[in-house]
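To keep things clear, I will list the structure first and then write my remarks on it.
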């Protein structure tokens, strides 16, 4: 019984020591959503998708339908997109452009 407790305590200690610490503001996961760009202001770092407004991450990545990374300037109002947000759903980190017309 004691050996089992010591093993468990040792495992918890090793796990705690090997996992990187997280800052209070770190996001735990990302969410994937779809929508249509209603408005976009790249200079201000803002985008409206459907009825919701989001901030654009400074490290925003944009991908074309064939999977290539593109300049965010390619984004247009009315475009169907899939996008990922941080777990608090306020910052868009990646945008995948739907099939181009």
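No lab work stands behind these numbers, since they all come straight from the coordinates. What you see is a predicted model; the values in this text were computed from it and never measured. Because the Cβ atoms are built from the backbone with ideal geometry, glycine has one as well, and the counts that use them run over all protein chains shown.
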- Once you have the Cα-Cα distance between residue 59 and residue 99, take 0.36 nm times their residue separation minus that, and quote the gain in nm to one decimal. 12.1 nm
- May I ask you to order 60-69, 47-56 by the average number of other C-beta atoms within 10 Å around their residues, highest value first? 47-56, 60-69
- Message: Apply the a/c threshold of 1.5 to the C-alpha gyration tensor of the range 57-101 and tell me whether it is rounded, prolate or oblate.
- Response: prolate
- Using alpha-carbon pairs under 8 Å, 6+ residues apart, how would you state the relative contact order of the range 30-97 in percent? 39 percent
